[in-house]
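Asker: Let me give you the structure first, and then I'll get to my questions.
The values are calculated or read from the model by the stated rules, or taken from the named source; none is laboratory data. Please read these numbers as outputs of a predicted model, since none were measured by experiment. We place every Cβ from the backbone using ideal geometry, glycine too, and count neighbours over all the protein chains shown.
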Amino acid sequence: MNLKKQKYSFVREALKVLIESTGFAKTYVFESEGASTTSAGQHYTFALEDCDVCIFLIDNSDGVPPGVQKEIDTAKKHGIKSLFYFCDQASKTETPLQKSLKGAKYAKSKTIHDFKDLIKSGAQDLINDLITIYKNYCKGRLTWYEESLTEKSTEISNIEISLYSDSIAQKDVLTNIDCCVEYFTKLILELSYDKVKKTGNIDKLCVAFLPVLFEGTTVNEESLRSLLLEIEKHQTSKHFTVTKSGMRPSRNIIPEIKKLV
């Protein structure tokens, strides 16, 4: 393996270890995969299409090879969120790709000055991004659109669905969540948030239930009943029926964010 390929392989493997050590994601690194009956091109293309987030590492001195450009095009085609890093250690000249990503409407890229710094930046920024998205979701700032996939599905065409709705819970419920924020800060960053000022009954009950979802602890049925009773106060009967059916005491679900890289 030549030195150019070796430096990328080293950084990718180190990123894989760091990201997977958080327990929040599983990564795909082509070099780490076993043998397959599919072609090499199909192997990483199919894996790329199944990813939730891609991390692109660009050394300005190497530019953007055709293979990497194809991966970038695939990510754009399938609407896959991407983190872009550019290293100017050997060359300060920006690549055309880096220039094209500038502007308020594009996701923020990052320039680093030592190729090894990609390891720390890539893992930390991914976790920070997950926290930022979660916080914005809690603030009611994120929405998504459900569009008809076929002409027959006209009944759901052009329906805007909000990830946050007053009919599901009032806004004050999702602004008083310091206990939950502290839990995620300690779980992900191993830091103390130490700013529990805005909280409430549902925040305190939720934080007691979070270890069931993210750490695999046993469900406490009494705590679950208390949480459901509190949620019922804030939701319409129709929404609460859905909530209750998805929070049965017998279910112990550990969610996993799959294949982020």
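Asker: Scan the stretch 27-59 residue by residue and report those that are of a type in the set (D, E, K, R), part of a loop (DSSP other than H, G, I, E, B) and at pLDDT 85 or above. Steps first, answer last, please.
Answerer: Kept after step one, since they are of a type in the set (D, E, K, R), are these residues of the stretch 27-59: 31, 33, 49-50, 52, 59.
Filter once more, keeping what is part of a loop (DSSP other than H, G, I, E, B): 33, 52.
The one that is of a type in the set (D, E, K, R), part of a loop (DSSP other than H, G, I, E, B) and at pLDDT 85 or above: 52.
Asker: Out of (1) under 24 Å from residue 133 (Cβ atoms); (2) outside any loop (DSSP other than H, G, I, E, B), what's the single condition that is false for residue 70?
Answerer: Failed condition: (1).
Asker: Quick one: residue 32 ticks every box in (1) more than 20 Å from residue 117 (Cα to Cα); (2) without any contact (Cβ under 8 Å) to a residue 40 or more places away in the chain; (3) within 20 Å of the chain's Cα centre (by Cα) bar one, so which box is it?
Answerer: Failed condition: (3).
Asker: Would you mention how many residues in the stretch 93-120 are within 19 Å of residue 20 (Cβ to Cβ) and buried (at least 16 other Cβ atoms within 10 Å of the Cβ)?
Answerer: Residues flagged as within 19 Å of residue 20 (Cβ to Cβ) and buried (at least 16 other Cβ atoms within 10 Å of the Cβ) within the stretch 93-120 amount to 2.
Asker: Quick one: how many residues across the stretch 219-237 are assigned to a loop (DSSP other than H, G, I, E, B) and within 14 Å of residue 207 (Cα to Cα)?
Answerer: So the count comes out to 2.
Asker: So which residues in the stretch 121-133 are crowded, with 16+ Cβ neighbours inside 10 Å and among the hydrophobic types (A, V, I, L, M, F, W, C)?
Answerer: 123, 126, 127, 130
Asker: Just checking, does the stretch 23-36 include any residue being among the β-branched types (Val, Ile, Thr) and out of contact with any Lys or Arg (no Cβ under 6 Å at 6 or more places or on another chain)? First the steps, then the outcome.
Answerer: Start the filter on the stretch 23-36 by keeping residues that are among the β-branched types (Val, Ile, Thr), which leaves 27, 29.
From what's left, out of contact with any Lys or Arg (no Cβ under 6 Å at 6 or more places or on another chain): none.
Scanning the stretch 23-36 turns up no residue that is among the β-branched types (Val, Ile, Thr) and out of contact with any Lys or Arg (no Cβ under 6 Å at 6 or more places or on another chain).
Asker: Is there a residue being of a type in the set (A, V, I, L, M, F, W, C), over 21 Å from the mean Cα position of the chain (by Cα) and either modelled with pLDDT under 75 or buried (at least 17 other Cβ atoms within 10 Å of the Cβ) (or both) anywhere in the stretch 234-246?
Answerer: Yes, because at least one residue in the stretch 234-246 is of a type in the set (A, V, I, L, M, F, W, C), over 21 Å from the mean Cα position of the chain (by Cα) and either modelled with pLDDT under 75 or buried (at least 17 other Cβ atoms within 10 Å of the Cβ) (or both).
Asker: Here is a check on your reading of the model: is residue 76 under 27 Å from residue 130 (Cβ atoms), in a helix (DSSP H, G or I), of a type in the set (Lys, Arg) and without any contact (Cβ under 8 Å) to a residue 60 or more places away in the chain?
Answerer: yes
Asker: Identify the residue in the stretch 47-75 that is over 20 Å from residue 19 (Cβ atoms) and surrounded by fewer than 16 Cβ atoms within 10 Å (Cβ to Cβ) and, among all such residues, is farthest from the chain's Cα centre (by Cα).
Answerer: Looking at residues that are over 20 Å from residue 19 (Cβ atoms) and surrounded by fewer than 16 Cβ atoms within 10 Å (Cβ to Cβ), I get 61.
Asker: I would also like to ask the following. I'd like to check something: does the stretch 15-26 contain any residue that is surrounded by fewer than 15 Cβ atoms within 10 Å (Cβ to Cβ), under 22 Å from residue 126 (Cβ atoms), free of Cβ contacts under 8 Å to residues at least 40 places away in the same chain and of a type in the set (A, V, I, L, M, F, W, C)?
Answerer: yes
Asker: Within the stretch 38-63, take every residue that is in contact with a strand residue (DSSP E or B) (Cβ under 6 Å, 6 or more places away or on another chain) and among the β-branched types (Val, Ile, Thr) and give me the one that is farthest from residue 107 (Cα to Cα).
Answerer: Once the filter is applied, the top-ranked residue is 58.
Asker: Under 6 Å by Cβ, and 6 or more places apart or on different chains, what pairs join a residue from the stretch 208-222 that is within 18 Å of residue 23 (Cβ to Cβ) with one that is assigned to a helix (DSSP H, G or I) and of a type outside the set (A, V, I, L, M)?
Answerer: 210/183; 217/211
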